[in-house]
Amino acid sequence: MAVQGDTGTKDEIKTQFTTIEGVYRLLPLSEYSRPNRVAYNNSGGSGTIPPVRVSFVSLPDPSGSVSSINGDRTKICFNYGRELFVYTYRGIKKAADLSKPIDKRAYNKEDVPTCHDFNTTTANADGVSLLVGLLGGQVQLIDPITKEVNKAYNAGERLIDKTKVTCVRWIPGSPNQFLASHSSGHMYTYNEELMCGVDRPHYQLFKQGEGYSVYTCKTKSTRNPLYRWVVGEGSINEFAFSPCSKYLAVVSQDGNLKVFNFDTMDLVGSARSYYGGLLCVCWSPDGRYVVTGGEDDLITVWSFHEKRVVARGQGHKSWVTVVAFDSYTTLYSDMDGFDVCNEDTTKHNSIGNDVRGSKANNSASNSRPNSNRNSLASDGLGLSVTSYRLGSVGQDTLLCLWDLKDDVLTQPYLRPRSSTVVSGSGKGSGTVGTGALQTGQPTANAKCNSVKESSVGSDSSHHSHSTNSLTAKLANLNFGEKKDKEKGDKDHKRSLSLASKNSTQNCKGSVNKNQVGGSTLPPDESHKPMGTSLCPRLDECPLLEPMICKKIGHERLSGLVFREDCVITSCQDGCVLTWCRPGKQPGSNQHSTPSPTTAVAMGGGPVASGGTVV
């Protein structure tokens with residue numbers, strides 16, 4: 001590490017960073033990595049080195065209680081190269097003991113682990129089920145604690161799918177069903193208690209919609225896979241279940257976000273990247289918003305209620321690899337009466353409920369992450385304000401934190417629109433610059449204000465790339481006319497992904513109808529998404545800037561997990577780092593919540609209980 005502080009040049013690696021609630025500090029003793037670990041060399045093979053992913057599970061003690069900060073009962077799993085590691089996560093109060101892994105597995109070149117997920121539904125004091133997706137298309141089920149479970153799906157000749165497993169998740173509440181996506185653009189629903197057939201499966205159409213199809217196996221007896229989803233074109237890069245587990249958000253290499261009612265298998269909404277593929281997706285803790293990141297270097301905020309893109313965030317200099325909400329500093333209220341899980345957006349299909357099998361019927365209130373729901377912030381006008389804390393990491397080795405305020409996210413489309421909104425800074429709504437501007441042209445005053453009014457601890461030097469970045473230049477182009485062939489300054493030192501022929505068309509012109517999942521959109525919007533709710537121009541919706549943007553690694557970042565007392569990040573060189581939250585470090589006398597006077601002096605608004613700036 002080059003720097004032991006929050007200052008210095010933008011190229012120095014930070015070991016701490018400051019937000020309005022205090023200082024986050026790196027804990028070297030809680031680092032899960034080994035300096036002598038040899039990286040996986042994929043030269044000559046297909047694909048790229050799998051990203052380092054991190055999974056957590058908190059096992060209940062014999063009495064049945066679960067604590068997310070109980071280090072003795074919390075397990076961490078991460079992959080690096082050909083190896084998979086499971087440790088007891090000792091938290092921020094105890095040093096990591098790397099000499100005693102619970103489980104360590106080495107795989108061959110074709111079976112490199114790419115993703116994994118613990119089953120929190122069936123986890124008990126004695127064991128836990130862990131799914132591991134592999135590069136060759138197989139899915140492995142193990143119990144790293146008891147070592148008694150060892151099953152494989154799509155093994156042998158890989159008759160179901162021969163492509164890389166990109167994401168694997170247990171279906172929330174289900175003790176035995178899980179979902180796995182592949183780079184072929186297919187997702188499969190499995191039941192861990194069923195075997196896969198010895199012959200190649202034959203499928204029959206079960207349900208079809210715009211841009212997707214669902215199939216079942218034509219067999220006399222039930223076998224895996226239960227369902228095959230074909231979504232869009234190109235690789236499915238990630239999917240995520242809503243907090244109430246009723247909806248499924250899927251992002252793919254063709255640049256599409258599609259949101260399904262998982263029970264009925266109906267498409268309820270969609271959106272597009274500005275250009276390139278979408279790589280990651282997450283839900284807000286209350287299920288009102290879906291956030292994506294990808295090859296356009298942007299974060300995109302999509303409203304479930306309004307079925308449209310409501311904001312974009314510009315702060316990264318390269319592909320965004322992970323987005324995640326921090327439910328412990330996010331404030332939201334149910335006062336508006338909107339409940340994403342009770343909204344009847346599609347016609348009910350009772351057959352689709354069979355997908356869940358024995359899935360528990362969890363209520364929305366029980367499935368939401370912990371957050372300070374009793375602390376309702378006010379903007380001084382007597383109106384309820386919602387503040388979301390979002391984090392993102394990317395291949396540029398930057399960690400960005402964003403404060404998304406509900407009054408900004410609910411703004412209607414306007415032409416022209418102010419260019420920049422600084423998340424978590426300024427007074428009131430946080431909108432910077434209210435003057436009119438020409439289409440696609442950011443105002444100089446707005447950009448200057450965004451730098452000056454950013455909160456303490458933000459690295460203002462990272463804003464210098466914004467006006468010259470490729471994303472900003474694309475905002476000035478009229479994609480319906482002949483493009484200017486002049487070459488400008490290039491901040492991006494890498495080329496765009498060409499995995500899908502249609503990935504470069506995302507918002508720039510007409511597209512194939514099968515790519516468009518927006519069944520709720522008028523036909524003219526489906527065929528020409530640029531400038532519509534599918535993909536608004538950069539000047540047609542709020543353009544957010546991060547509250548802080550820090551370089552925290554030498555290699556591209558691939559993991560981000562928010563926990564109650566810390567933040568976990570991982571990078572491609574195999575380092576899994578722990579960042580202690582303000583006031584949580586052992587022996588620290590600092591307060592996690594500054595006084596309201598201090599908060600205002602630092603550029604933030606009033607502070608609600610819990611220390612979150614609103």
* Asked: Taking amide H positions as placed 1.01 Å from N in the peptide plane, with prolines and chain starts having none, which residues 5 or more places from Gly185, or on another chain, fall under 5 Å of its amide H?
  -> Ile236
* To do: Identify, among Ser183, Pro201, Val230, the residue whose Cα sits farthest towards the positive end of the charge dipole of segment 132-254, taking +1 on the Cβ of Lys and Arg and -1 on the Cβ of Asp and Glu, with the dipole about the Cα centre.
  => Pro201
* Taking every pair of alpha-carbon atoms in segment 105-195, what share in percent sits in each 5 Å bin, from 0 to the bin with the longest distance? -> 3, 15, 27, 27, 18, 9, 2, 0
* To do: Could you please put Tyr107, Tyr212 in sequence from largest to smallest accessible area, using a 1.4 Å probe?
  => Tyr107, Tyr212
* Structure fact -> Within the under-13-Å Cβ sphere about Leu557, not counting Leu557, Lys/Arg +1 and Asp/Glu -1 give a net charge of +3
* To do: Can you tell me how much longer the chain between Ser99 and Glu157 gets when fully stretched, taken as 0.36 nm per residue apart minus their C-alpha distance, in nm with one decimal?
  => 17.3 nm
* Just how many % of Cα pairs in segment 119-162 lie over 17 Å apart, if you round to the nearest whole percent? -> 37
* To do: Could you give log10 I(q)/I(0) at q = 0.19, 0.27 Å⁻¹ for segment 235-312, computed by the Debye formula over C-alpha point scatterers of equal weight, without solvent?
  => -0.68, -1.36
* Structure fact -> Taking alpha-carbon centroids only, segment 71-132 lies from segment 537-590 a number of Å equal to 21
* Asked: What is the distance, in nm, between label points placed 7 Å from the Cα along the Cα-to-Cβ direction at Leu205 and at Arg223?
  -> 2.5
* Structure fact -> The answer for the net charge of residues other than Gln253 whose Cβ lies under 10 angstrom from its Cβ, with Lys and Arg +1 and Asp and Glu -1, is -3
* **Where His316, His305 fall by accessible area, highest first, once all protein chains stay in place (1.4 Å)** => His305, His316
* **Cα centre as origin, Lys/Arg/Asp/Glu Cβ charges: segment 156-258 dipole, Debye** => 220
* Across Lys164/Lys220; Lys75/Lys147; Lys207/Lys258; Lys246/Lys307; Lys75/Lys104, pairs whose alpha-carbon gap is larger than 20 Å -> Lys164/Lys220
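The values are calculated or read from the model by the stated rules, or taken from the named source; none is laboratory data. These numbers were taken from a predicted model, which means no experiment stands behind them. Glycine gets a Cβ as well: all are built from the backbone with ideal geometry, and neighbour counts include every protein chain shown. Heads up: the accessible areas ignore ligands, DNA and RNA and are worked out on the full protein's heavy atoms, side chains in. Shrake-Rupley method; radii C 1.70, N 1.55, O 1.52, S 1.80 Å.
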